[in-house]
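> Below you'll find the structure I mean.
The values are calculated or read from the model by the stated rules, or taken from the named source; none is laboratory data. Since this is a predicted model, take the numbers as computed values, not measurements. Cβ placement follows ideal geometry from the backbone for every residue including glycine, while neighbour counts extend to all protein chains displayed.
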Amino acid sequence: MELAYYSDYAVRLVNSEEPARGKDTLTTVEAVRDLFGENASAARRATDADVTRFRSVRARLRGVFEAADQGDETLAVDLLNSLLLEFPVSPQISGHDYRDEDGRPLWHMHLADHPSNATAGYAAIAAMGLAFHLTEYGVDRLGLCQAPPCRNAYLDTSTNRSRRYCSDRCATRANVAAYRARKRLEADRSGSSGLAAESAQRSSASGDR
């Protein structure tokens, strides 16, 4: 499993809440288990108590994205380091998941967590994955969607660091809003120009009399 995969854990958890819309899908133990994706064995450890613990970790991970979005690299790193200290993992070489055509293991790095509960295991993987992404690509690659009121987290993997939205849907919505705003501005300017021309004509006519 590639280490970049683990950073998606952080994004999934942060985006389980949309504060600006007042939405929060992390309300049941089933929702917690869904966040683990294919990691069914880890998901089975989740209990009702993990709902509150997951929300606490979610707030701290969102803080990392918010600091990065505001250009405060030091704060983003400090917040992430605090999570890494609290929820450690042990990198290990693994080959149990993948085999080549000859049946030999495809060795890869795996993050082994040693959790006391499901939250600790998830937080450890999410924090480490985010740390790998940050150090590999830069703090500015951690983003929050610029299409209000969304503000979902995303990881920018574009070649020119140009990503601004969490999804194609949000990008389209933002582009449509910008287009309509331009059209309104053009209409306002056209209307103002027309009124000015009409006023000038009236002034000219009055002078002729």
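> Select from the stretch 2-46 the residues that are surrounded by 13 or more Cβ atoms within 10 Å (Cβ to Cβ) and over 20 Å from the mean Cα position of the chain (by Cα) and write down the one among them that is farthest from residue 108 (Cα to Cα).
Looking only at the stretch 2-46, we keep the residues that are surrounded by 13 or more Cβ atoms within 10 Å (Cβ to Cβ), and these are 3-18, 24, 26, 29, 31-37, 39, 42-43, 45-46.
After this cut, where a residue has to be over 20 Å from the mean Cα position of the chain (by Cα) as well, the list is 29, 39, 42-43, 45-46.
Working: 29: 31, 39: 17, 42: 20, 43: 22, 45: 25, 46: 27 Å.
It comes out as 29.
> Still on this structure, please answer the following. Restricting attention to the stretch 1-52, which residues are in contact with a strand residue (DSSP E or B) (Cβ under 9 Å, 6 or more places away or on another chain), at pLDDT below 95 and among the hydroxyl-bearing types (Ser, Thr, Tyr)?
The answer is 6, 7.
Residue by residue, here is whether (1) surrounded by 12 or more Cβ atoms within 10 Å (Cβ to Cβ); (2) in a loop (DSSP other than H, G, I, E, B); (3) among the aromatic types (Phe, Trp, Tyr); (4) outside the structural domain of residue 46 (by TED's automatic domain parsing) holds:
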position	(1), (2), (3), (4)
90	no, no, no, no
126	yes, no, no, no
160	no, yes, no, no
176	no, no, no, yes
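> Does residue 111 satisfy the condition of being in the same structural domain as residue 16 (by TED's automatic domain parsing) and touching a Pro at 6+ places or on another chain (Cβ under 7 Å)?
Here the answer is yes, as residue 111 does meet what is asked.
> From the list 85, 80, which residue is exposed (fewer than 12 other Cβ atoms within 10 Å of the Cβ), under 20 Å from residue 7 (Cβ atoms) and among the hydrophobic types (A, V, I, L, M, F, W, C)?
Values: 80 fails: exposed (fewer than 12 other Cβ atoms within 10 Å of the Cβ).
Answer to the check: 85.
> Which residue is nearest to the chain's Cα centre (by Cα), if the candidates are limited to the stretch 101-120 and must be more than 16 Å from residue 85 (Cβ to Cβ) and either among the charged types (D, E, K, R) or not in a strand (DSSP E or B) (or both)? First the steps, then the outcome.
Residues of the stretch 101-120 more than 16 Å from residue 85 (Cβ to Cβ): 101-110, 112, 117-118.
With either among the charged types (D, E, K, R) or not in a strand (DSSP E or B) (or both) added as a condition, the list becomes 101-104, 106-107, 117-118.
Details: 101: 36, 102: 39, 103: 37, 104: 37, 106: 30, 107: 30, 117: 25, 118: 22 Å.
It comes out as 118.
> For the subset of the stretch 52-97 comprising residues that are in contact (Cβ under 8 Å) with a residue 60 or more places away in the chain and of a type in the set (Phe, Trp, Tyr), which member is nearest to residue 25 (Cα to Cα)?
Of everything passing the filter in the stretch 52-97, 54 is nearest to residue 25 (Cα to Cα).
> How do the pairs read when you match residues in the stretch 157-175 that are free of Cβ contacts under 8 Å to residues at least 40 places away in the same chain with residues anywhere that are part of a helix (DSSP H, G or I), using Cβ under 6 Å and keeping only pairs 6 or more apart or on different chains?
Here the result reads 165/171, each pair linking the stretch 157-175 to a residue that is part of a helix (DSSP H, G or I).
> What are the residues in the stretch 1-34 that are closer than 24 Å to residue 147 by Cα and in a helix (DSSP H, G or I), if any?
Those that are closer than 24 Å to residue 147 by Cα and in a helix (DSSP H, G or I): 7, 8, 9, 10, 11, 12, 13, 14, 19, 20, 21.
> Still on this structure: I'd like the full set of residues that are touching a strand residue (DSSP E or B) at 6+ places or on another chain (Cβ under 7 Å) and surrounded by fewer than 20 Cβ atoms within 10 Å (Cβ to Cβ), limited to the stretch 53-68.
66
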